[in-house]
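Note sheet for the following structure.
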Amino acid sequence: MKHLFFLALIGLIVSCAPTRFVKPLEHKQHALTGSFGGALTNVPGVAVIPIPHSSLGYGYGLKKNTTVYGSWYTTAAVFGVFQMDAGMTQSIWKDSANRMGVTVSPGVNFMVDVFEHNARVWPQLDANYYFDYKKWTKEKSNGLSKNKSNSFYVGFTNWFELQSTRAHGVDQKNHIIFSPQIGHLFERNKWNFTLEVKFLAPYASNKDIVVDYVSPFGSKGALGTFFGCTYKL
Amino acid sequence: MFNRDNSITEYKLDDYSGRKTLDVGNDYHVEDSMIHKLMIPMTFEDETIQIAAIYVGELSEIATDTVIMYCHGNADHMDFYWPRQKLYANLGGKYRYGVLMIDYPGYGLSEGTPTEANMYASVNAGLKWLKTQGLTSDRLILFGFSLGTAPTCEVAGNASTYALAPGKFILEAPFASSDVLVQDAALLAMPASYFVNVKVDNAEEIKKATAPFLWIHGEADSYLSIHTHGEVVFGAYPLATKTAVRVPGGDHENTPFVMGYANYLESILNFITN
């Protein structure tokens with residue numbers, strides 16, 4: 001029976017993307033985003049691989065401290081599922097030197113499949129603390145300068161399940177899927193690059209299921225790895 | 001989608017050197033003269049293909065005796081499950097019951113490509129063959145393991161649309177539905193249609209079954225949880241004619257070994273004979 005129903009996408013769907021924006025964009029700035037990665041799974045006879053979620057998105061600096069964004073999930077689309085997320089990143093604290101801060105990102109995830117038109121919505125709330133451990137300005141020969149920074153960040157993602165029951169009328173016990181995360185942000189003039197590791201639902205059993213998750217916590221949760229990029233227009 | 005292996009050119013049974021579901025040793029030996037390798041025609045969507053099957057027992061006794069039709073799991077092909085067929089051929093004594101096993105389309109030497117619908121059709125082809133040999137519904141024991149619980153529940157729940165209706169049926173390590181498979185892995189209550197294109201729903205089909213039912217499940221099943229799958233299926237069967245055998249320490253494949261083969265067979269024999 002093993003792997004009968006295994007498709008590349010199955011797994012912790014909360015693992016489908018990294019933090020969209022750790023820091024808000026500049027006011028009125030437009031940006032395109034992309035992401036790749038997911039929960040690490042052991043595919044017998046193949047390797048340990050991340051579930052290959054991918055997405056393309058857009059962000060806009062609505063205010064100095066507020067960025068709105070939306071993303072479309074491309075891997076899901078290949079399997080006949082329209083998946084998107086939308087939300088905003090709000091800076092809620094910055095130190096006076098502007099080297100560290102805290103952002104929160106409330107959002108919503110929506111999925112619908114083309115086969116049975118099953119539609120679901122999951123609210124999401126992310127929060128991150130970031131610290132610019134290196135920040136510099138590069139002067140160019142034409143007199144322009146480029147601001148760069150390298151940052152660590154740490155935070156968490158919460159997905160909220162609104163359904164009270166799951167299949168066959170069984171109580172849905174997991175209503176908040178909590179996943180802490182750490183990451184690194186390479187911030188350049190035009191491009192930002194993000195590497196993120198999520199500890200997906202580290203309190204939930206990963207035993208007795210069809211997916212063989214890889215987790216640093218053994219029989220609990222899963223480890224997710226992600227790459228994200230942002231191109232600032 | 002299906003975890004089949006169709007790389008073989010013949011069924012080697014005891015001489016098969018690949019992985020097997022169990023190692024039952026020599027205590028459950030089956031003589032070559034009792035092994036019948038068959039190709040059964042199956043017509044599905046206007047196409048006729050050949051389904052590989054193995055029957056263990058006296059063919060002439062099908063018309064008068066009770067027969068077990070074993071629907072195997074998703075791994076590989078019949079060589080993998082051959083030790084189980086030998087076990088059942090020794091149930092209640094050597095060759096007390098004839099045992100038919102088939103490979104689903106695309107598995108082993110069976111032609112075709114596996115789908116949910118033609119998997120059911122292949123089981124029906126096996127039932128038709130048994131019927132032509134003289135088997136009647138009251139003498140049919142339908143036995144499904146893991147993936148094989150899907151056609152077993154389908155036939156048990158919709159018996160009038162199949163060649164034979166089981167007099168009794170057995171589910172070992174059943175899965176409840178595609179939805180539960182997905183939701184167990186995803187934690188969220190998301191529909192299976194996001195990930196899979198099969199709509200197996202054993203917990204629903206079994207509600208329509210009327211034949212007596214035996215459920216066997218390892219309590220340590222690391223693949224199909226006894227709680228989210230087995231208990232749901234067992235609970236959905238609506239009649240009192242059901243028996244549960246929970247196996248402490250039993251995993252997905254090794255429940256007969258963990259119980260002890262003799263104890264395992266005795267549980268099945270008690271269900272069939274009582």
Looking only at lysines whose Cα falls under 17 Å of A:Lys198's and that sit 8 or more positions away or on another chain, we get A:Lys220
Given all pairs of different Cα atoms, what value in angstroms does the Kirkwood hydrodynamic radius of the protein assembly as shown take? 25.1 Å
Set B:Lys131/B:Lys207; A:Lys63/A:Lys232; A:Lys138/A:Lys232; A:Lys140/A:Lys232; B:Lys168/B:Lys207 screened for pairs whose C-alpha atoms are more than 21 Å apart: B:Lys131/B:Lys207
Taking a cut-off of 25 Å between Cα atoms, list the lysines near B:Lys20, but don't count ones fewer than 8 places away on the same chain. A:Lys2, A:Lys207, B:Lys12, B:Lys37, B:Lys86, B:Lys94
Shielding by partners for B:172-181, please: the mean number of other protein chain Cβ atoms within 10 Å of each residue's Cβ. 3
Sort B:248-257, B:36-45 by packing, meaning the average of other beta carbons within 10 Å per residue, with the highest value first. B:248-257, B:36-45
Sort out for me the Cα centre separation of the stretch B:57-106 from the stretch A:141-220, rounded to whole Å. 48 Å
Kindly give Rg over Rh for chain A, based on alpha-carbon atoms, with the Kirkwood expression for the hydrodynamic radius. 1.00
Taking the alpha-carbon distance from A:Lys190 and a cut-off under 16 Å, which aspartates and glutamates remain once sequence neighbours fewer than 8 residues away in the same chain are dropped? A:Glu26, A:Glu139
The stretch B:150-189-the stretch A:91-121 distance, computed between alpha-carbon centres (Å): 39 Å
Beta carbons within 10 angstrom, averaged per residue: use that to sort the peptides B:179-188, B:203-212, highest first. B:179-188, B:203-212
The stretch B:249-274 and the stretch B:213-238: distance between their alpha carbon centers, rounded to Å: 15 Å
May I ask you to order B:82-94, B:17-29, A:21-33 by the average number of other C-beta atoms within 10 Å around their residues, highest value first? B:82-94, A:21-33, B:17-29
If you take every residue apart from A:Ala17 with its C-beta less than 14 Å away from the C-beta of A:Ala17, what net charge results, scoring Lys and Arg +1 and Asp and Glu -1? -1
Rounded, prolate or oblate: which one fits chain B, using the alpha carbon gyration tensor with axes a ≥ b ≥ c (rounded when a/c is under 1.5, else prolate when a/b beats b/c, else oblate)? rounded
For chain A, calculated [θ]222 nm from helices alone, where every DSSP H run of n ≥ 4 adds -39500 (n - 2.57): -500 deg cm²/dmol
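Each reported figure results from applying straightforward, stated rules to the coordinates on display, with no laboratory input. This is a predicted model, so every value here is computed, not measured. A quick note on method: Cβ atoms are made from the backbone with ideal geometry, for glycine too, and the neighbour counts reach across all protein chains shown.
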